[in-house]
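The values are calculated or read from the model by the stated rules, or taken from the named source; none is laboratory data. Keep in mind it's a predicted model, so treat the numbers as computed, not measured. Virtual Cβ from ideal backbone geometry, glycine too; neighbours counted across all protein chains shown. These area figures cover heavy atoms from the full protein model, side chains too; ligands, DNA and RNA do not enter into them. Shrake-Rupley method; radii C 1.70, N 1.55, O 1.52, S 1.80 Å.
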Amino acid sequence: MSPAFRAMDVEPRDKGILLEPFVHQVGGHSCVLRFNETTLCKPLVPREHQFYETLPAEMRKFTPQYKGVVSVSFEEDEDRNLCLIAYPLKGDHGTVDSVDNSDCEPKSKLLRWTNKKHHVLETDKSSKDWVRQHRKEEKLKSHKLEEEFEWLKKSEVLYYSVEKKGNVSSQLKHYNPWSVKCHQQQLQRMKENAKQRNQYKFILLENLTSRYEVPCVLDLKMGTRQHGDDASEEKAANQIRKCQQSTSAVIGVRVCGMQVYQAGSGQLMFMNKYHGRKLSVQGFKEALFQFFHNGRYLRRELLGPVLRKLTELKGVLERQESYRFYSSSLLIIYDGKERPEVALDSDAEDLEDLSEESADESAGAYAYKPIGTSSVDVRMIDFAHTTCRLYGEDSVVHEGQDAGYIFGLQSLIDIVTEISEESGE
């Protein structure tokens, strides 16, 4: 086992960073948190940590950039609200300092707020009454939010209206049900274990959605097998059943989560893994079509780049000996906020004056094309159950390629190709 996996003492510092839910998480059960605009963090799993530290060079362009390890603890404010705070590891001074923290929420922000409230409580009885009333109102709001969230959790597909002006991420802070669910579960686990430990190691990873204004994210569970070699009989049987009852067994891939912007209605559509498991192969194809459709038309310009990247990734994985990416996911990400569109026969002056709104209104009467090239990202994530012969302590060593994952990639390539051909690309 690498020394990096051994227990590390945490050096007490005031330089803590407040972690927030990552609002664009659409799948997975591990809590992903926002460290800053370009960096996320998630609980460190030794096997996944080892993968990122030893992954082949040609795979790096298809995985998030690994940025190091931090220690995370939970702390309560005076209203007993739990907050997750990240600190550097002892002897690893560069980990947090080397990451741009200019847009982080500092721990001191919470402390200043708390100290101010204590001061008010000590000096002014009327303020004391106001604070009591304020807390009562906040509890009622919180209860209402919890009731609303319970309803959201039961909805496998839902829509959320997005304001055209304003930051999409801030609007989704309390309304991406999967992100909120994972965050609540992580807090609960840490609270239950508080007597045994209050410090956890988290890995820092690149935020793949940071360069998109309105990220559209598709999370696909890849492969015909999901359980790791170390899974218990019960766990393995459960995972085998899920595969057999979904598209995983037939085409080697299933929908694990989706977030897509419907430009026509100004809504974000969310689909969770429970709905994804119920899809037939035709239903999977329709979900994929829906992911690339903005509510008015199919984003055809994305299909070619996606196919090229999927084909390149398939070639890379075909060259990887003994790797098995059990329970790994594949993310496809693009920007739902399109660049202005212009009529093909417009002259230079018309192009300058044509706004996105006027293009939308005239879409049925003229042919339009987007200015510039739309970017789309394809990345592998979630390696907690990945195995390879390089991992010396594994009892099972596999030979050759990960045929199940590659089969899923080929199915995905075939289906995207069908969508492209049927749409007249």
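How many residues, within region 302-311, are in contact (Cβ under 8 Å) with a residue 60 or more places away in the chain and open to solvent by 50 Å² or more (accessible area, probe 1.4 Å)?
Final tally of qualifying residues: 2.
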(request) Taking only region 359-406 into account, find how many residues are modelled with pLDDT of 50 or more, crowded, with 17+ Cβ neighbours inside 10 Å and in a helix (DSSP H, G or I). (result) 3
(request) Output the residues belonging to region 7-35 that are part of a loop (DSSP other than H, G, I, E, B), modelled with pLDDT of 85 or more and among the hydrophobic types (A, V, I, L, M, F, W, C). (result) V32
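Open to solvent by 10 Å² or more (accessible area, probe 1.4 Å), within 30 Å of H275 (Cβ to Cβ) and not small (G, A, S), is that true of V69?
Values: open to solvent by 10 Å² or more (accessible area, probe 1.4 Å): yes; within 30 Å of H275 (Cβ to Cβ): no; not small (G, A, S): yes.
No: the conditions fail for V69.
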(message) Can you tell me how many residues within region 408-425 are surrounded by 17 or more Cβ atoms within 10 Å (Cβ to Cβ) and either of a type outside the set (A, V, I, L, M) or farther than 27 Å from R308 by Cβ (or both)?
(response) 3
